[in-house]
Amino acid sequence: MNGISVNRIWKLMRLELLFHWKYYVMLTIGSFFLLATFFFYVWNKFSAYWDLWDWRDQTFLGYLMAYKILLVFLVYGNAFFDLRSKANSERYLLIPASNWEKLLSQLFIKIGLAEIILPLVFWLSANFASLIWVNFLQEIFHPENLAEFQLIGIGIIWPFPPDQNWAIYLLMLGIYLVLISIFFAGNLYFGKWNLVLTPVSLFIFYLIITSSSVGLSQLLFTKDESILSFNISINEPEIFTDVPLMVLVIIFLLFLGSALSYLVAYYRLKEREV
Amino acid sequence: MVLIQNLHFSYPKKPTLFKGLTMNLEKGKVIGLLGKNGAGKSTLMRLMAGLLKPNAGTVVFEGKHSFDRDPDFLDQMIFVSEQISVPEFLKVKDYVGVYRDFYSRFDDVRLENLLAEFQISTEEKISNMSYGQQKKLQLAISLSVGAKLILLDEPTNGLDIPSKSSFKKVVSASLEEDQILVISTHQVQDIEHLIDQVIILDEGKIKLHADLEVLEEEFVFSQSGEMPANAIYGESHVLGARFIAKSMIGISGGSTDLELLFHAVIADKLNGNYLSHPKPQMS
């Protein structure tokens, strides 16, 4: 039984769905109807601006990205439900599977939900909402402008179009991966308070980094000026065309930070006592 | 075999509970772990189950450190806590299926028999079962997963009188030669005539670790109109006295009176090891 067993990971995923199916079903169905309701509201409320907006893939993309950030909280920030009570923790920790298997099963099921199922729900809901709006609701609400809709393509569910500068693409992906991994690991530190305490911790971390940068810059470069007037040149040196070294280093640190968060989560799970 | 060597443990910001505790538990035994509230029974069970990490020392079962929670170890061990939590929205058969999935030696026939003995239907929804029935379900599962180490913490709490009798019956019928069953309880009458070995814990120390068979050879557990002069420990009651005395030629007594034994040990009138194989074996 040594090593990581795909079979046991699969069984753990089935167990998660069996024990917590209500959360998964409610999130999926709830997302569908809430998104549709949200679009109806936007189309009704802001129809005056439609001559500026074009309701095609690109218009929905912004909404999809906001939705995916919300999913980081709702999906990745809600893992390891069984570790939230003492009795359930005992049962979960003593299931014959390794800590890596337990961690990976949670991660895979959240990835499946947040990156495949719920984006598909977005796609379905947006198309459903536009069909209902165009064919029925416009006649009821009489918005100022009638909309021209195009059904959105399924390709929208991967919200980082690769035709951008690859460094920007990797930077955005890195930020997304770090957020996912931090909220996922936060479950093992803060339990049911994860959704509150992880953002608070990130904010405190941000304050420390910012204030120390500002403080150090003040000490080193701008003694006679305001503490906020300092310049760090992030555009030079350029390693590739339009890709400065600073951006590359940040991308590397983001990917490294994401990987380390999972390692920290593993040790936290391994050392868990009940 | 469970080997506990030089175990030190304390909860954060609490006094040390175990200081150098050493013992071994052999296969094929039903062991009663007795002690007052706060003696460390549940903590010791949790350390054996791998739910707590020793501050120092080792808790090893079949060569595996319990706190590593290695899948091989977990496949051979099951722990039933005093406060169980069973997902109430499931049917019995679905909940049982979870254990069938994960335990490599799960025995369906045994489970079927145990559920029949406890009068639990596999089609029943867990939310319709009382706490006692849920506990019986968990006990039936624990005896069916094929674990070599079964740890039951206060298993009879919440059971009615007929269920306690059923519990004794199924435990004695279900255990095999390669299994170790440890029952932690403060209700000694629930494990009388069930256990082979007794461990009495007091303030984190093992005051007595003994085979009941050896105790019955060494001591007499009896009662008479008045306390005999050679009694090691005795308790008076309306009709006379219950007592423990050193066994002598011509004097014999009944089976071990666990309650009396417990009081004698806690009162420091009797302690030590009375084991068939008293020397701990090193791994």
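The values are calculated or read from the model by the stated rules, or taken from the named source; none is laboratory data. None of the values given here were measured: they were computed from a predicted structure. Here the Cβ positions follow ideal geometry from the backbone for every residue, glycine too, while neighbour counts run over all protein chains shown. Areas reflect the complete protein model, heavy atoms only, side chains present, ligands, DNA and RNA absent. Shrake-Rupley method; radii C 1.70, N 1.55, O 1.52, S 1.80 Å.
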Legend entry - Packing-based order for B:255-265, A:129-139, using average beta carbon neighbours within 10 Å, highest first: B:255-265, A:129-139
Legend entry - Peptide A:95-103, shielding by other chains (average Cβ, 10 Å cutoff): 5
Inset, instruction - Give the percent of DSSP beta bridges with both residues in chain B that are antiparallel, rounded to the nearest 5. - result: 60
Legend entry - Amide H partners (placed H, <5 Å) of B:V220, local residues excluded: B:A245, B:K246, B:S247
Inset, instruction - Express as a percent, rounded to the nearest 5, the fraction of DSSP beta bridges in the protein assembly as shown (both residues included) that run antiparallel. - result: 60
Legend entry - Calculated from backbone phi, Karplus (6.51, -1.76, 1.60) coupling profile of the range B:69-85 in Hz, x at Gly/Pro: 6, 5, x, 4, 5, 5, 5, 9, 9, 9, 10, 10, 6, 4, 9, 8, 10
Legend entry - Carbon and sulfur %, accessible surface of the range A:160-273 computed with the full protein complex present, 1.4 Å: 71
Inset, instruction - Given the options B:P15, B:P155, B:P228, state which has the largest fluctuation in a GNM of chain B using a 10 Å cut-off (strictly under) for Cα springs. - result: B:P15
Legend entry - Leading residue at positive end of dipole, the range A:1-159 (Cβ point charges), from A:F149, A:I4, A:L34: A:I4
Inset, instruction - Return the subset of B:K53/B:K169; B:K168/B:K207; B:K27/B:K53; B:K205/B:K246 for which the Cα-Cα distance in this structure is over 30 Å, preserving the input order. - result: B:K53/B:K169
Legend entry - Lysine pairs in chain A with Cα atoms under 14 Å, if 8 or more residues apart or on separate chains: 5
Inset, instruction - Any aspartates and glutamates with Cα under 17 Å of the B:K93 Cα? List them, leaving off those in the same chain fewer than 8 positions away. - result: A:E16, B:D101, B:D107, B:D108, B:E112, B:E117, B:E123, B:E124
Inset, instruction - Using only the Cα atoms of the range B:96-200, each taken as one equal point scatterer with no solvent, compute I(q) by the Debye sum, divide by I(0), and report log10 of the ratio at q = 0.19 Å⁻¹. - result: -0.99
Legend entry - Surface share of carbon and sulfur [accessible, 1.4 angstrom probe, percent] for chain B: 48
Legend entry - Whole-number accessible area per residue in Å² for the range A:1-159, which is evaluated in the context of all protein chains at 1.4 Å: 49
Inset, instruction - Please find, in a Gaussian network model of chain A (springs between Cα atoms separated by less than 10 Å), the residue of A:E236, A:E101, A:E16 whose mean-square fluctuation is greatest. - result: A:E236
Legend entry - Local net charge near B:Q189, Cβ-Cβ under 9 Å (Lys/Arg +1, Asp/Glu -1): -2
Inset, instruction - Tabulate in residue order the Karplus-calculated ³J(HN,Hα) for the range B:114-127, using 6.51 cos²θ - 1.76 cosθ + 1.60 with θ = phi - 60°, rounded to whole Hz; enter x for Gly and Pro. - result: 5, 5, 5, 4, 8, 6, 10, 8, 5, 7, 5, 7, 5, 5
Inset, instruction - Count, for each residue of A:75-88, the Cβ atoms from other chains sitting within 10 Å of its Cβ, then give me the mean as a whole number. - result: 1
Inset, instruction - Rounded to the nearest 500, what is the 222 nm mean residue ellipticity of chain B from helices alone, with -39500 (n - 2.57) per DSSP H run of 4+ residues and division by all residues? - result: -8000 deg cm²/dmol
Legend entry - Whole-Hz couplings from phi, Karplus 6.51/-1.76/1.60, listed for the range B:93-104; x for Gly and Pro: 5, 6, 5, 4, x, 4, 6, 4, 5, 9, 9, 5
Legend entry - Signed unit charges on C-beta, dipole axis of the range A:160-273, positive-most listed residue A:G257, A:F203, A:L188: A:L188
Legend entry - Solvent-accessible area buried by pairing B with A, both sides, nearest 100 square angstrom, 1.4 angstrom probe: 2600
Legend entry - Residue mean of other protein chain beta carbons inside 10 Å, B:69-81: 5
